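For reference, the structure is listed below as structure tokens.
What follows is calculated from the coordinates using simple rules that are stated; it is not laboratory data. Please read all numbers here as calculations on a predicted model, not as lab measurements. Glycine also receives a Cβ, built like all others from the backbone with ideal geometry; neighbour counts cover every protein chain displayed.
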Amino acid sequence: MFNDIGPLELVTLVVLAVLVFGPEKLPKMIQDVTRTIRKIREFSESAKADIRDELGPGFKDFEFEDLNPKTFIRKQLDNDELGLKEIRNGFDLKKEMAEVTDAVHGRESDTSSSPSSSSSSTTGSTGGSVDMTKKREKLDPDERPPYDADAT
């Protein structure tokens, strides 16, 4: 609940509480606050139990946290019935990007690791593989940037 509060903030809050309420009234205020929080939790739990009872036996394992869309999607994606973990583990982004780059440049993709196929696929092209992480060189002040019809 208070994961974001560090030790310095906690000490500041305690000193501020002592200054505002005084050392005589502070224990009574802490008891009142904890009693109120406990009552709110009890009310919340009883409301959840009433809703589960009203929904019937089909919703016995219903969790209210699942109403949060992020939690629901995360729970469904972690479910291994769909085989999504195998798909996620079998997907290699670098390999896919290399295949797309080769297709764009009209080269055959280097799926096999034999040296004859890799040398034959690069002889017909102007360069080897394209480095997608390479930064673009700066243009001269009078030079226009290349036009990309797909980007506009």
Starting from the Cα of Lys95, draw a straight line to each of the aspartates and glutamates and keep only those under 14 Å, dropping any in the same chain fewer than 8 residues away.
Glu108, Asp110, Asp131
Under a cut-off of 12 Å between alpha-carbon atoms, report the aspartates and glutamates in cross-link reach of Lys75, not counting same-chain residues fewer than 8 places apart.
Glu63, Glu65, Asp66
Per the 1/(1 + (r/R0)^6) rule, R0 = 35 Å and r from the Cβ atoms of Lys39 and Gln76, FRET efficiency to 0.05 is 0.50
